Amino acid sequence: CRIGSDRVGSGRIRAGGNRCCDEVSIGDHGLAGRRDMLRGPMEVPCERWKRSTRAGRCAGALALGLAGLYAAPVVKAASSAPAASQQIAIPSYIHPGADPAAWDRLIGSEPGKVGIAVANVMNGPDNERKDEWASVMKRAHDADIKVLGYVDTGYFGGTGMHTRLGSTRPEDWLSQAQQDVNSWYELYGDELGGIFFDDGQNACGPEDGSNRWAELQAELNEFQKRRHPDSLTVLNPGTVVRPS
């Protein structure tokens, strides 16, 4: 999105007005952004976005917090929706074989009420296509519900979480997340509307003045957008984002 050049406090830039954006960020302030339109002020912490060559883009902007997605998720409806002014985003981590009725309720909900469903086969896409998952994802897609594939970023190893191969290196977490993005599209591409990146860092970097986490998230977002430019990406820190 176009990030305004006016300074707000220390180390922040304010994005306001009606400006296009590629990411969703939901947190303590409710809806902070949406792919089709960002409305109202949003503070973006990282110093590097003040005057850098990336300042005019939303490539992997650090989310303002997505904890609200699990409690009272609200996503602004697309302008083409006839009557609904809000839509619900649901982390639908429900195995369709274990509780098919839950997916039936989600897919059969009032048209326009559910905007996003996050599919999570096994902390990601797993390594083979599952027919039961493909079926409910296609049904949701056909019901105009945007299905996002779950990808764990493991806080890029910053909290000691290990990749599937046992590494805590940020580069290995980035590589695993990129592999999972590719796997989602290889296995369920026709049904996918984007990617839900979980366990995102809630700071720009591991120490003051560092933008390491923000740079890794930007690289991951750009990896997704280069391959699937019309997709939606969501970053979930799962906690309040610290001010810079």
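Can we say Asp208 is assigned to a helix (DSSP H, G or I) and more than 16 Å from the chain's Cα centre (by Cα)?
Values: assigned to a helix (DSSP H, G or I): no; more than 16 Å from the chain's Cα centre (by Cα): yes.
So Asp208 fails the test.
May I ask you to list the residues in region 122-151 that are among the β-branched types (Val, Ile, Thr), within 20 Å of the chain's Cα centre (by Cα) and closer than 16 Å to Asp190 by Cβ? Walk me through it before giving the result.
Of the residues in region 122-151, the ones among the β-branched types (Val, Ile, Thr) are 136, 145, 147, 151.
When the remaining residues are screened for being within 20 Å of the chain's Cα centre (by Cα), the result is 145, 147, 151.
Hits for region 122-151 are Ile145, Val147.
For the subset of region 224-241 comprising residues that are under 10 Å from the mean Cα position of the chain (by Cα) and either of a type in the set (Asp, Glu) or not in a loop (DSSP other than H, G, I, E, B) (or both), which member is farthest from Asn182 (Cα to Cα)? Lay out the reasoning, then the answer.
From region 224-241, those under 10 Å from the mean Cα position of the chain (by Cα) are 232-237; that's our starting set.
With either of a type in the set (Asp, Glu) or not in a loop (DSSP other than H, G, I, E, B) (or both) added as a condition, the list becomes 232-236.
Numbers: Leu232: 15, Thr233: 14, Val234: 16, Leu235: 17, Asn236: 19 Å.
Selected residue: Asn236.
Can you give me the number of residues within region 186-200 that are surrounded by 22 or more Cβ atoms within 10 Å (Cβ to Cβ), touching a Phe, Trp or Tyr at 6+ places or on another chain (Cβ under 8 Å) and either without any contact (Cβ under 8 Å) to a residue 60 or more places away in the chain or among the charged types (D, E, K, R) (or both)?
Residues in region 186-200 being surrounded by 22 or more Cβ atoms within 10 Å (Cβ to Cβ), touching a Phe, Trp or Tyr at 6+ places or on another chain (Cβ under 8 Å) and either without any contact (Cβ under 8 Å) to a residue 60 or more places away in the chain or among the charged types (D, E, K, R) (or both): 3 in total.
Taking the condition of being in contact (Cβ under 8 Å) with a residue 12 or more places away in the chain and in a helix (DSSP H, G or I), how many residues in region 142-174 meet it?
Total meeting the criteria: 8.
Can you tell me how many residues within region 171-202 are among the aromatic types (Phe, Trp, Tyr) and within 13 Å of the chain's Cα centre (by Cα)?
Step one: of region 171-202, the residues among the aromatic types (Phe, Trp, Tyr) are 173, 184-185, 188, 196-197.
The next check asks that each one be within 13 Å of the chain's Cα centre (by Cα); those that pass are 196-197.
Within region 171-202, residues that are among the aromatic types (Phe, Trp, Tyr) and within 13 Å of the chain's Cα centre (by Cα) number 2.
Bear in mind that the values in this text are calculations on the coordinates, not laboratory data. The model shown is predicted, which means the values in this text are computed figures rather than measured ones. Glycine also receives a Cβ, built like all others from the backbone with ideal geometry; neighbour counts cover every protein chain displayed.
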